[in-house]
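The values are calculated or read from the model by the stated rules, or taken from the named source; none is laboratory data. Nothing here was measured: the structure is a model prediction, and the numbers come from that model. Cβ coordinates were reconstructed from backbone atoms using ideal geometry, including for glycine residues, and neighbour counts include every protein chain displayed.
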Amino acid sequence: MKRIALLLLVLAAWQGICLGATTLEGYSEFFGELNGESRQWRFGNPQFLGELRVKSTPWLNTEAFLKMQGLSNKWDNERWENFFFMKEAHLKYRGQRIETYLFSGQDRFWLNEPLLNIVSNDIVKDDDYGPKAQGVRVDFWDTYGITGTAFYSDKATPYWAASDTTLPTGAPYALPPEAATGENYVSTDDYRGGRVKRSFLDDRMLLGSTYARKDYGSGPREYDEVYAFDCEVALGNMIRTLSSFGRVTVVAEGGQNISGWLDDEDNYGWKVELRDVKYGPLSFIGSYSDYDENFYTLGLARGDIWDDNDYHGHYLQMDFRVPLKEINLKGWRYRYKPHTFTSNKQPFEETGGEIYVRFQRGFTGIVEYKRHINKDGTWPGLFMEIAGENKLVRIRAQYRIRDLDTDYEVTAYGFDANANLTDNWKFYARLLTVDEKTESRETVFAQVQYTGWSSSEFFLEFGDSGASWDLARSDSFVSHGSSAVTVRVFKAFMRLYY
């Protein structure tokens, strides 16, 4: 399918260039680096990147899109490495009640499932510095009142997960003996998924169903397969005595994992949520969920969702907006228990509260306290923030204590500022310091941007933006025993648009 899809997409884009209304745009970017991590400063990794985008309408109600990139990178043993490749492409058709995409290198796998998220587009899109998957997507609406989505995709990737001991027993990830050696084994995976829904009673009720499957190979049991049904009812719009509490919506979804590698048929999961409950300044949301041991499957769902297997529990949240004041109060609690207690499966819970205040002159403040409890102990945390902005500058200061009053207590101070120095010069800086009982460390990131040149951008950066991307909430840096510090690297970017 991959070669056929790619050929059709390229031909459609070329047809559009020749016959249809066509736009051509792109950019060229130069990147250079001055690295001072060693004792001596040195230049490294100069590269030149060019991107060209073609968008056309080869036929009525159609759209063809093609993005190509070229990269010249001096990195491998001081030799120039040159690459030219297709980044993404699609051929789109939109009718009165249907829209179809034939695509490559794009993420078009979302299903808008209400609660369970049995298929995660993060998994299907085959992401590696950008989506690489290719396939077909169809959306339709107003067909006997039914709205729906379906996709099909395939990819070929190394069987890297075969030796992972955390995978479910009997799962197809561990079946091929070639995979255990790690030598030139490639699995060809096919994905298919879809969702349909229909509203009733003037949108007071909605019924839906979701399905997803992943095939690993030609074996009769080498596949993941999950289905679910959901229902949404607006009780506040149906029962007069509840109308004073808002829409009062109840959403429920339940499903079953029927993957071929499973011997046990009792692999169910379900979740019920009550939302849209308001009474004056109060609002409420709550949910309860229950998942069997093998409900979520690694081949279709993200890891954080897959970890919910064999757990059941609840989540409660209440918000209070202080009348006539710009003050919001929020409190929450969740607790989950495993069906079977093991060394890896233990109950955990969290309670917390937050105060959000908007002051005069554009300032806001947040104070949050939460306490997380798991098998290793109790882990309190305190977070405070004050921020303000005007037409020239935006500043933000944060203070956080992680794992308060424990042996792993960490205190973090964060500050960032975004300023318009002149009409053409912009400046951004981010500082994050961490204090532990035995040491302190910091990370700094700064960026200067010049916008005075027509159709161009120029950036000069220092440090690593990823270390403090969420300031004091950057858990990878604000953690006990972390060895990260400021990265002594200058980077320059020059991008020209055309």
* Asked: Just a yes or no: is a residue in region 366-375 surrounded by fewer than 17 Cβ atoms within 10 Å (Cβ to Cβ), more than 20 Å from F427 (Cβ to Cβ), over 27 Å from the mean Cα position of the chain (by Cα) and not acidic (D, E)?
  -> yes
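Looking at this structure, is F459 crowded, with 16+ Cβ neighbours inside 10 Å and modelled with pLDDT of 95 or more?
On the way: crowded, with 16+ Cβ neighbours inside 10 Å: yes; modelled with pLDDT of 95 or more: no.
Answer is no for this residue.
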* Structure fact -> All-but-one check, D292 against (1) at positive phi; (2) touching a Phe, Trp or Tyr at 6+ places or on another chain (Cβ under 6 Å), failing number (1)
* Counting only residues that are polar (S, T, N, Q) and over 15 Å from L496 (Cβ atoms), which one in region 9-40 is modelled with the lowest pLDDT? -> Q15
* **Selection status of K92, closer than 30 Å to L49 by Cα, at pLDDT 90 or above and surrounded by 15 or more Cβ atoms within 10 Å (Cβ to Cβ)** => yes
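Among the residues of region 254-270, are any in the same structural domain as Y191 (by TED's automatic domain parsing), in contact with a Pro (Cβ under 6 Å, 6 or more places away or on another chain) and modelled with pLDDT of 95 or more?
Restricting attention to region 254-270, the residues satisfying the condition of being in the same structural domain as Y191 (by TED's automatic domain parsing) are 254-270.
Those left that are additionally in contact with a Pro (Cβ under 6 Å, 6 or more places away or on another chain): 261.
From the residues that got through so far, the ones that are modelled with pLDDT of 95 or more too are none.
For region 254-270, residues in the same structural domain as Y191 (by TED's automatic domain parsing), in contact with a Pro (Cβ under 6 Å, 6 or more places away or on another chain) and modelled with pLDDT of 95 or more: absent.
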* Can you tell me which residues in region 293-344 are in contact with a Gly (Cβ under 9 Å, 6 or more places away or on another chain) and among the acidic types (D, E)? -> D308, D319
* State which residue is nearest to the chain's Cα centre (by Cα) when the search covers only region 352-364 and only residues that are surrounded by fewer than 16 Cβ atoms within 10 Å (Cβ to Cβ) and not hydrophobic (A, V, I, L, M, F, W, C). => G353
* How about region 96-127: which of its residues are over 20 Å from K197 (Cβ atoms) and either out of contact with any strand residue (DSSP E or B) (no Cβ under 7 Å at 6 or more places or on another chain) or part of a loop (DSSP other than H, G, I, E, B) (or both)? -> G105, Q106, D107, D122, I123, K125, D126, D127
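Among the candidates E265, E293, single out the residue that is free of Cβ contacts under 8 Å to residues at least 24 places away in the same chain and in a loop (DSSP other than H, G, I, E, B). Talk me through it step by step, then tell me what you get.
Working: E293 fails: free of Cβ contacts under 8 Å to residues at least 24 places away in the same chain.
Every option except E265 fails the conditions.
Taking region 452-498, which residues are in a strand (DSSP E or B) and among the hydroxyl-bearing types (S, T, Y)? Quick ask: steps written out before the conclusion?
As a first pass, look at region 452-498 and keep what is in a strand (DSSP E or B): 456-462, 489-497.
Hits for region 452-498 are S456, Y497.
Name the single residue, out of those in region 113-135 being over 17 Å from Y191 (Cβ atoms) and in contact (Cβ under 8 Å) with a residue 40 or more places away in the chain, that is surrounded by the most Cβ atoms within 10 Å (Cβ to Cβ).
Filtering first and then ranking leaves L116.
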* Would you check if there is a residue in region 338-353 being free of Cβ contacts under 8 Å to residues at least 40 places away in the same chain, part of a loop (DSSP other than H, G, I, E, B) and in contact with a strand residue (DSSP E or B) (Cβ under 6 Å, 6 or more places away or on another chain)? => yes
* Pick from region 304-314, criterion closer than 18 Å to Q346 by Cβ and not acidic (D, E), ranking: nearest to the chain's Cα centre (by Cα) -> W306
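Residue-by-condition table, conditions (1) farther than 30 Å from Y216 by Cβ; (2) in contact with a strand residue (DSSP E or B) (Cβ under 7 Å, 6 or more places away or on another chain); (3) crowded, with 17+ Cβ neighbours inside 10 Å:
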site	(1), (2), (3)
N257	no, yes, yes
Y288	yes, yes, no
F295	no, yes, yes
G303	no, no, no
Y315	yes, yes, yes
D319	yes, yes, yes
* **In region 432-444, the residues that are free of Cβ contacts under 8 Å to residues at least 24 places away in the same chain and assigned to a strand (DSSP E or B)** => T433, S440
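How about region 132-246: which strands (runs of 3 or more DSSP E) wholly inside it have at least 1 residues that are modelled with pLDDT of 85 or more, under 29 Å from the mean Cα position of the chain (by Cα) and over 25 Å from E99 (Cα atoms)?
205-215, 223-234
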